[in-house]
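This report concerns only the one structure given below.
The values are calculated or read from the model by the stated rules, or taken from the named source; none is laboratory data. The structure displayed is predicted, hence computed values, not measured ones. In this analysis, Cβ positions are derived from the backbone assuming ideal geometry, glycine residues included, and neighbour counts consider all displayed protein chains. Ligands, DNA and RNA are stripped out before the accessible areas are found, and what is left, the full protein with its side chains, is counted by its heavy atoms. Shrake-Rupley method; radii C 1.70, N 1.55, O 1.52, S 1.80 Å.
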Amino acid sequence: NFSKAMDDPVFRRSLWNTLLYVAIVLPGSVCLGLLVAITIHGRKRTRSFYEIVYFLPVTSTLIAMATVWQFLLHPRLGPINAFLRMIGAHQQAFLSDPALALPTLAVVGMWQLIGFNMVLFLAGLSAIPKDLYEAAEIDGCAGSIDRFLTITWPLLGPTTMFVIITTSITAFKIFDTVAVMTHGGPMGASVVLLYSSYLEGFTYFHTAYASALTVIFLAFILVFSVIQTFVLERREHY
């Protein structure tokens with residue numbers, strides 16, 4: 001079964017699609033989560049409101065939200081294409097175009113993960129002593145970008161490492177949006193590892209082969225997480 005997986009073009013495509021999905025979702029959700037956290041961290045009256053708004057996608061059921069996104073992206077009835085037509089742009093077949101299907105799923109994945117990463121970054125920002133910023137301002141580090149590069153970003157290192165590892169694992173586990181929105185199509189453009197394993201086990205009833213794919217998937221996540229931990233751990237200061 002493991003030899004069959006190495007020679008299976010569907011498995012190779014699902015592996016490539018999964019890696020591409022992670023390559024889009026991981027930096028996008030981490031950077032946007034950090035940006036949102038920094039933006040609302042200094043707010044006092046409206047901070048709770050924005051925290052709730054950005055965290056709502058995390059608490060919602062992804063399958064239900066995938067159905068909503070499927071309507072939003074509909075070529076004729078969806079409001080997104082309606083907006084594109086209104087501004088004079090061409091409507092896009094987001095879910096039926098092989099070149100757009102996987103990036104569209106990645107955008108939905110980022111939308112769900114930004115709120116979770118924001119909460120983690122807010123916890124990290126709250127743990128940074130304020131007297132460090134005051135001392136830096138006395139020493140001439142008055143710009144917001146300088147304070148971020150010299151104080152905020154280095155002290156957020158442990159939080160960033162945790163966010164990167166958890167986000168990469170969540171991205172590798174992509175299944176719900178594929179099963180609801182694209183079913184691995186069009187022409188296999190959005191088939192990923194977990195969905196491929198699901199098809200083999202519960203549609204084609206190749207249970208042994210599906211089990212082998214699952215073991216490969218788990219081993220891949222383990223190796224990826226260990227590499228991330230060792231590489232990032234050497235650069236962080238606690």
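Results, tabulated for the structure shown:
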read-out: Single match in 126, 144, 96 (criterion: under 19 Å from residue 184 (Cα atoms), among the hydroxyl-bearing types (Ser, Thr, Tyr) and either over 22 Å from the mean Cα position of the chain (by Cα) or modelled with pLDDT of 90 or more (or both)); value: 96
read-out: Any hit, the stretch 204-218, residues being within 20 Å of the chain's Cα centre (by Cα) and either assigned to a loop (DSSP other than H, G, I, E, B) or not polar (S, T, N, Q) (or both); value: yes
read-out: Among (1) at pLDDT below 95; (2) closer than 21 Å to residue 127 by Cα; (3) surrounded by 13 or more Cβ atoms within 10 Å (Cβ to Cβ), the one test that residue 15 misses; value: (2)
read-out: Some residue of the stretch 30-50 being touching a helix residue (DSSP H, G or I) at 6+ places or on another chain (Cβ under 6 Å), closer than 17 Å to residue 103 by Cβ, open to solvent by less than 30 Å² (accessible area, probe 1.4 Å) and assigned to a helix (DSSP H, G or I); value: no
read-out: Test: residue in the stretch 155-168 that is in contact with a Pro (Cβ under 7 Å, 6 or more places away or on another chain), surrounded by fewer than 16 Cβ atoms within 10 Å (Cβ to Cβ) and either closer than 27 Å to residue 95 by Cα or of a type outside the set (Ser, Thr, Tyr) (or both); value: no
read-out: Hits in the stretch 96-109 - residues which are of a type outside the set (D, E, K, R) and open to solvent by 30 Å² or more (accessible area, probe 1.4 Å); value: 96, 98, 99, 100, 103, 107
